[in-house]
1. Of Asp174, Asp219, Asp293, which is the most mobile in a GNM of the chain whose springs link Cα atoms less than 10 angstrom apart?
2. For Met221, Met1, which order do you get if you count the other beta carbons within 10 Å of each Cβ and list the fewest first?
3. Taking the Cα centre of the stretch 247-315 as the origin, how large is its charge dipole in debye, to the nearest 20, when only Lys and Arg (+1) and Asp and Glu (-1) carry charge on their Cβ atoms?
4. Towards the positive end of the charge dipole of the chain, with charges on Cβ (+1 Lys, Arg; -1 Asp, Glu), say which of Pro131, Ile304, Leu5 has the farthest Cα.
5. Most fluctuating residue of Phe220, Phe67, Phe308 in a GNM of the chain with Cα springs under 10 Å: which is it?
6. Based on alpha-carbon atoms only, what is the radius of gyration of the stretch 1-97 relative to the globular estimate 2.2 N^0.38 Å?
7. What do you get for Rg/Rh of the stretch 78-142 when both radii come from the Cα atoms and Rh is the Kirkwood radius?
8. Rounded to the nearest 500, what is the chain's calculated 222 nm mean residue ellipticity when only DSSP H runs of at least 4 contribute -39500 (n - 2.57) each, over all residues?
Amino acid sequence: MRLFLAPMEGVVDFQMRQMLTDIGGLDACVTEFLRICDQRLPRRVFIKLCPELEHHSKTQANTPVAFQLLGGNPEAMAYNAAKAASLGAHSIDLNFGCPAKTVNRNDGGAKLLQEPERVHNIVKAVRNAVPSDIDVTAKIRLGFKDRSLGLDNALAIAEGGAQQLVVHARSKVDGYRPPAYWSELRPLREQLSIPVIANGEIWSPEDLQRCAEQSGCVDFMIGRGLLARPDLALQIKNPDQHIPWQWGSILPILHSFFEKGLTQYPEKYCGNRLKQWFMYLQRSYPEAETFFDKLKRLRSRIDIENLFVQQALAHNIKLSYDNKR
């Protein structure tokens, strides 16, 4: 079994990839998407999105990072894929799954699933543009307005030369509303010769087991579930050895995440990414809800630091985090 960290736009950036792969259990991750129109983008844009390019395209935990592109122009996608490969990307991932209205209005993401031939042409152009030792992969939803073209798009991608396919088991119109239609992945897996990775609505080891039974998939991509339970990949990979973390293990990770992000934003925004993460953590930890009720009103670094100290004292928790444990 392989577990992949999903490339959640505006959430799973370099810092989040580093934190979650440090915890362990993940086999690979993907950058947020780089939006491609008709332009040839400079080196600095690639490095800003994926600092791991300067470290053999791996996180500090030695977890591989694929570079993700999004766009509808085959030639522009091909050129920029070749650029990413020249900068050290070991894998190019193509986004045909983003449901965001802004992206879809601008000829990108899930909108392209209405035209499997265009999807095929983009994959083929990118495959032809990068060296043979660089993987080309793709992520789709089961469709746009409905799920009727899931297999057509999957075959278009495989025939275009992709090495593997991630499928979010919903259409664009389904959004993120439960359920995920895991059983509809089974025909794709049975008819494709490349690996099909299941994605969508995996919040627990039990969810993953049900997904495996219904989809027939053996590899999985998880996004929101890992934000809600940072050690979920460890729970899945080591069910007999790993004891699920309690709040005492989570709080030091959050404190470390906050401290590492202080240099990235003006002080009045210094807690924004932390607050974003707490939206997911509240699903799994009652203590997170109490913490967030106080955190959401704070703006300064000192006030947020003091809140961490207060919570640590209240729960008898040490805030130092050893990312090698």
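We did not get these values from a lab; they are worked out from the coordinates using the rules stated. These numbers were taken from a predicted model, which means no experiment stands behind them. Cβ coordinates were reconstructed from backbone atoms using ideal geometry, including for glycine residues, and neighbour counts include every protein chain displayed.
1. Its mean-square fluctuation being the largest, the pick is Asp293.
2. Values: Met221 25, Met1 11.
Ascending Cβ contact count within 10 Å gives the list Met1, Met221.
3. 260
4. Result: Ile304, furthest along the dipole toward the positive end.
5. Phe308
6. Scaled against compact globular proteins, the figure is 1.02.
7. Numbers: Rg = 12.2 Å, Rh = 12.2 Å.
For the stretch 78-142, the value is 0.99.
8. The per-residue figure over the chain is -12000 deg cm²/dmol.
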